[in-house]
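J.: I am attaching a structure below and will ask some questions about it afterwards.
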Amino acid sequence: MPPVKIDIPAIIIGAGPAGAGASFFLSKDKIKHIVLEKEVFPRDKVCGDACSGRTTSVINMANPAWLAEMRQNSQSFLPSWGMTVVAPNGKSIDIPYTARKEDQTEAKGFVAARIVLDNFLFEKMASPYCTVYQGAEVTGIERGQNGVVVRMTQGDKEYEISAPVLLGADGDKSIVRKQFLAAHTEAKTSAIGLRAYYDGVTGLHPENFIELHFLPDIPSGYLWVFPLPNGRANVGIGMLSATVREKKINLRELMLHAINNHPRFASRFANAKLLGKIQGWGIPIYSEPQPFSGDNFMLAGDSALMIDPFSGEGIGNALHSGMLAAGAIKQAIAQKDYSAAFFKKEYESLFFKHLGAELTANSRMQKIFKYHWVFNMVFSKAYKSQTLHKVISCMFTDADMQRQLGKPSFFLKVLLNR
Ligand SMILES: Cc1cc2nc3c(=O)[nH]c(=O)nc-3n(C[C@H](O)[C@H](O)[C@H](O)COP(=O)(O)OP(=O)(O)OC[C@H]3O[C@@H](n4cnc5c(N)ncnc54)[C@H](O)[C@@H]3O)c2cc1C
């Protein structure tokens with residue numbers, strides 16, 4: 001049978017947070033689009049499952065009723081008020097997502113298993129403007145007369161879909177990235193993580209703060225304990241891939257050893273039960289500005305290497321970039337311009353305007369805190385200096401504080417007691 005031929009204003013590959021984010025805003029603007037997804041939802045994604053205010057704010061912009069629905073369902077979406085960061089020397093600082101709790105009646109963040117969150121977002125894509133093909137295998141992407149042609153099979157049916165613009169929202173192993181940005185595609189993802197689900201971990205924060213633990217024997221990474229609904233916890237470890245390779249680290253053993261033996265964890269995990277398997281996945285963290293668009297295409301989320309290098313947050317950035325990509329598609333249609341120069345201006349530049357300062361600051365912070373002695377020194381001094389304590393605890397709510405933490409001169413001043 002010859003392939004079914006379809007012409008459409010936009011194609012999205014991938015129905016994770018980046019693809020869903022783009023789809024919501026295309027539908028809002030009444031722009032017809034096709035979403036191609038290789039899995040069948042509900043599908044799992046290895047992740048820490050924690051979302052800060054960026055995720056809730058994009059969902060709220062897409063449709064406030066969806067956020068209200070999530071907030072009414074704390075059995076699936078556990079409200080979380082912030083993050084606890086613990087330095088290698090054991091000194092910890094609580095970093096709330098909101099500056100003053102009395103200004104906020106609802107928690108800005110939440111933790112939800114990805115199988116639940118992604119399915120929620122997936123279902124919200126349903127709209128007269130969106131056609132989803134699940135279990136779709138993309139067999140080819142090439143340039144065509146009308147922009148881009150994507151060949152796809154679903155079951156025994158073949159399709160040839162043409163559009164002036166393609167959005168790659170297909171995660172860390174993006175085929176769209178490989179096809180169009182091969183020169184900027186690394187063979188290995190920059191960081192790697194393992195995720196485990198546990199029942200019965202004790203000592204979780206009363207306001208469901210997520211915990212990031214930096215430990216002396218975890219170089220260039222951290223162990224996390226994130227509370228989940230129903231008394232469960234998402235526990236994992238993330239590290240730069242180069243370190244794992246160089247030091248021949250077995251991440252699984254390192255994580256289990258820390259949980260079972262380190263004084264910070266042993267008693268908390270004494271009666272905890274591992275649920276299912278420990279699973280791994282690539283974490284494409286942001287390191288420096290790299291292109292993520294070109295003639296007739298853009299990339300969003302993990303395919304564009306947008307994960308926050310310090311906190312590991314990628315869901316909010318994926319949703320946010322999807323939203324911005326949808327805005328760029330709307331502009332492109334209006335101006336009939338799908339050129340690389342247009343998408344660089346209307347998408348990449350806008351993305352950096354929104355998130356660039358934060359990603360740059362956190363990339364610097366990740367590089368500085370790789371030196372555990374700096375980390376220990378800063379956190380030890382923060383115990384004595386209220387000002388320093390405030391700078392760190394305001395890093396999510398105050399952009400100036402965030403920029404300060406990204407400057408090496410800031411750490412030098414701390415070292416010199418200025
Ligand atoms: C161990 C670990 C812990 C993490 N912890 C956190 C955390 O706590 N908080 C946080 O915010 N972020 C976290 N992240 C990052 C977060 O998981 C990602 O940033 C986020 O999933 C990115 O969303 P995305 O839509 O870009 O990609 P994905 O969620 O990977 O979605 C991509 C979609 O594309 C589909 N797809 C892929 N290839 C194809 C293809 N060829 N054809 C069709 N469909 C395709 C996939 O099936 C998938 O549905 C973590 C990541 C890891 C690995």
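The values are calculated or read from the model by the stated rules, or taken from the named source; none is laboratory data. Note that the structure is predicted; figures quoted are calculated from it, not measured. Every residue, glycine among them, receives a Cβ derived from its backbone with ideal geometry; neighbour counts consider all protein chains shown. Heads up: the accessible areas ignore ligands, DNA and RNA and are worked out on the full protein's heavy atoms, side chains in. Shrake-Rupley method; radii C 1.70, N 1.55, O 1.52, S 1.80 Å.
J.: Residues to consider are Ala382, Ala361, Ala326; find the one that is open to solvent by less than 10 Å² (accessible area, probe 1.4 Å), away from the ligand (no atom under 13 Å from the Cβ) and under 30 Å from Arg245 (Cβ atoms).
T.: Ala361
J.: Collect the residues in segment 156-188 that are open to solvent by less than 90 Å² (accessible area, probe 1.4 Å) and polar (S, T, N, Q), keeping them in residue-number order.
T.: Ser162, Ser174, Thr185
J.: Can you name the residue in segment 117-140 that is open to solvent by less than 60 Å² (accessible area, probe 1.4 Å) and free of Cβ contacts under 8 Å to residues at least 60 places away in the same chain and is also farthest from the chain's Cα centre (by Cα) among such residues?
T.: Going through the qualifying residues, I end up with Gly140.
J.: Mind checking which helices (runs of 4 or more DSSP H) fall wholly inside segment 1-79 and carry at least 1 residues that are within 16 Å of the ligand (Cβ to nearest atom) and surrounded by fewer than 18 Cβ atoms within 10 Å (Cβ to Cβ)? It would help to see each step written out before you state the result.
T.: On the way: elements: 17-28, 53-62, 64-71.
Hits in segment 1-79: 53-62.
J.: Can you tell me which residue in segment 281-296 is most open to solvent (accessible area, probe 1.4 Å), limited to those that are within 14 Å of the ligand (Cβ to nearest atom) and in a strand (DSSP E or B)?
T.: Step by step, filter segment 281-296, then rank; the result is Trp281.
J.: Counting only residues that are modelled with pLDDT of 95 or more, within 27 Å of Ala50 (Cβ to Cβ) and either touching a His at 6+ places or on another chain (Cβ under 9 Å) or outside the structural domain of Lys28 (by TED's automatic domain parsing) (or both), how many does segment 327-357 have?
T.: Looking only at that region, the number is 1.
J.: A further question on this structure: I need every pair where a residue in segment 321-341 that is more than 20 Å from Ser303 (Cα to Cα) has its Cβ under 8 Å from the Cβ of a residue that is among the β-branched types (Val, Ile, Thr) and surrounded by 14 or more Cβ atoms within 10 Å (Cβ to Cβ), sequence separation at least 6 or different chains.
T.: Lys330/Ile31; Ala332/Val165; Ile333/Ile31
J.: For Ser339, which of the numbered conditions (1) over 30 Å from Gly203 (Cβ atoms); (2) within 15 Å of the ligand (Cβ to nearest atom) fails to hold?
T.: Every listed condition holds for Ser339 apart from (2).
J.: Follow-up. Taking into account only those residues within segment 310-320 that are more than 7 Å from the ligand (Cβ to nearest atom) and either assigned to a helix (DSSP H, G or I) or touching a residue at least 60 places away in the same chain (Cβ under 8 Å) (or both), which is least open to solvent (accessible area, probe 1.4 Å)?
T.: Leu319
For every residue, the table says whether it meets (1) more than 30 Å from Glu158 (Cβ to Cβ); (2) of a type in the set (Ser, Thr, Tyr); (3) out of contact with any helix residue (DSSP H, G or I) (no Cβ under 8 Å at 6 or more places or on another chain); (4) in contact (Cβ under 8 Å) with a residue 12 or more places away in the chain.
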| site | (1), (2), (3), (4) |
| --- | --- |
| Pro9 | no, no, no, yes |
| Val40 | no, no, yes, yes |
| Asp49 | yes, no, no, yes |
| Ala62 | yes, no, no, yes |
| Ser74 | yes, yes, no, yes |
| Leu78 | yes, no, no, yes |
| Trp81 | yes, no, no, yes |
| Gly90 | yes, no, yes, yes |
